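The values are calculated or read from the model by the stated rules, or taken from the named source; none is laboratory data. This structure is a prediction, so every number in the text was calculated from the model and none was measured. Ideal geometry is used to build each Cβ from the backbone, glycine not excepted, and the neighbour counts take in all protein chains shown.
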Amino acid sequence: MTPMSDTQEFARQFNEEEAIWQRFQEKSRTRRLPGSDSPLPESVLDQVDWLEAEREIRIARAVANKSAFARPVKK
């Protein structure tokens, strides 16, 4: 990788992590609103909030075998 692409990848990762953190904070604040009591421990609820935030924000990168999508050759 070139220094420029390393920098861009670092910035992309930082931005993605920051977006996840912000979404986690929103979910956590919403969960703590009055009337939203839960019998589960706070640590478990925080973990669930974090996993949901990651699922919503993180980009899923798919890896595929290009030959599986190749068009058949007409004869």
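Before moving on, here are some points about what is shown:
- Test result for Ser36, in a helix (DSSP H, G or I), free of Cβ contacts under 8 Å to residues at least 60 places away in the same chain and of a type in the set (S, T, N, Q): no
- Pair list, Cβ < 6 Å and 6+ apart or interchain, from the stretch 10-21 residues that are within 13 Å of Glu54 (Cβ to Cβ) to residues that are hydrophobic (A, V, I, L, M, F, W, C) and surrounded by 13 or more Cβ atoms within 10 Å (Cβ to Cβ): Ala19/Ile57; Ile20/Ala53; Ile20/Ile57
- Count of the stretch 42-75 residues, restricted to those that are at pLDDT 90 or above and outside any helix (DSSP H, G or I), is 0.
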